[in-house]
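Structure first, commentary second.
The values are calculated or read from the model by the stated rules, or taken from the named source; none is laboratory data. These figures come from a predicted structure and were not determined experimentally. Neighbour counts run over all protein chains shown; Cβ positions are idealised from the backbone, glycine included. To get the accessible areas, we keep the full protein, side chains included, count just its heavy atoms, and leave off ligands, DNA and RNA. Shrake-Rupley method; radii C 1.70, N 1.55, O 1.52, S 1.80 Å.
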Amino acid sequence: LLTERELLILRRVARGDLLREIGADLYLSTNGVHSVLSRTFGRLGATSTVNAVHRAHQLGLLDENPPSVEMPQVLVEVLELVAEGCTNSEIGRRTGRSEYWAAEQVRSIRRRLGARDRAHAVALGIAAGVVRPPKGRGTQVA
């Protein structure tokens, strides 16, 4: 289904590595890594990085087991909004709270999941079954 290079890059993305780090290690430009990921999305039928990681987990293509996470419902709701692409201020507005409250919740989610950034938190949350993949609007690299 995927070439060794595509699998390696997808595994590194699922781990939370940055595209520029992956590129440096593989002697590729960031655009080269992006190109490989876009091709990988097509092969997996994915519309985003998060969807690709989720699909790869479903197919057993990723080495690591998804993390086991218990998360309060309020954090699950915040993570779902992050997965939709909401900013902290949008999360605050949609939950009736402040932007600062939203930022603290996102930090808490990242700590619980051991995520490097928001996109990595969403990928790990999906892999762990905490949230569902968002409906994609097209191919995009998070």
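At pLDDT below 85 and among the hydrophobic types (A, V, I, L, M, F, W, C): which single residue out of Ala102, Ala142 fits that description?
On the way: Ala102 fails: at pLDDT below 85.
Going through Ala102, Ala142 in turn, just one is at pLDDT below 85 and among the hydrophobic types (A, V, I, L, M, F, W, C): Ala142.
I'd like the full set of residues that are in contact (Cβ under 8 Å) with a residue 40 or more places away in the chain and of a type in the set (S, T, N, Q), limited to the range 1-56.
Listed by number, the residues that qualify are Ser38, Thr47, Ser48, Thr49, Asn51.
Given the conditions (1) at pLDDT below 85; (2) outside any helix (DSSP H, G or I); (3) open to solvent by less than 20 Å² (accessible area, probe 1.4 Å), report the number of the one that Val50 does not fulfil.
With respect to (1) at pLDDT below 85; (2) outside any helix (DSSP H, G or I); (3) open to solvent by less than 20 Å² (accessible area, probe 1.4 Å), Val50 is out only on (2).
Would you mention how many residues in the range 23-57 are in contact with a Lys or Arg (Cβ under 6 Å, 6 or more places away or on another chain) and closer than 21 Å to Ala127 by Cα? It would help to see each step written out before you state the result.
The initial filter retains those residues of the range 23-57 that are in contact with a Lys or Arg (Cβ under 6 Å, 6 or more places away or on another chain), namely 30, 44, 46.
Checking the rest, the ones that are also closer than 21 Å to Ala127 by Cα come to 44, 46.
Count: 2.
Just need a number here: residues in the range 1-47 that are hydroxyl-bearing (Ser, Thr, Tyr) and buried (at least 16 other Cβ atoms within 10 Å of the Cβ). Spell out how you get there, then give the answer.
From the range 1-47, those hydroxyl-bearing (Ser, Thr, Tyr) are 3, 27, 29-30, 35, 38, 40, 47; that's our starting set.
Narrowing further to those that are buried (at least 16 other Cβ atoms within 10 Å of the Cβ): 40, 47.
Total meeting the criteria: 2.
What residue, of Arg97, Arg93, Arg116, is open to solvent by 50 Å² or more (accessible area, probe 1.4 Å), at pLDDT 95 or above, within 20 Å of Pro134 (Cα to Cα) and of a type outside the set (Gly, Ala, Ser)? Give the steps one after another, and end with the answer.
Values: Arg97 fails: within 20 Å of Pro134 (Cα to Cα); Arg116 fails: at pLDDT 95 or above.
Within the list Arg97, Arg93, Arg116, the selection yields Arg93.
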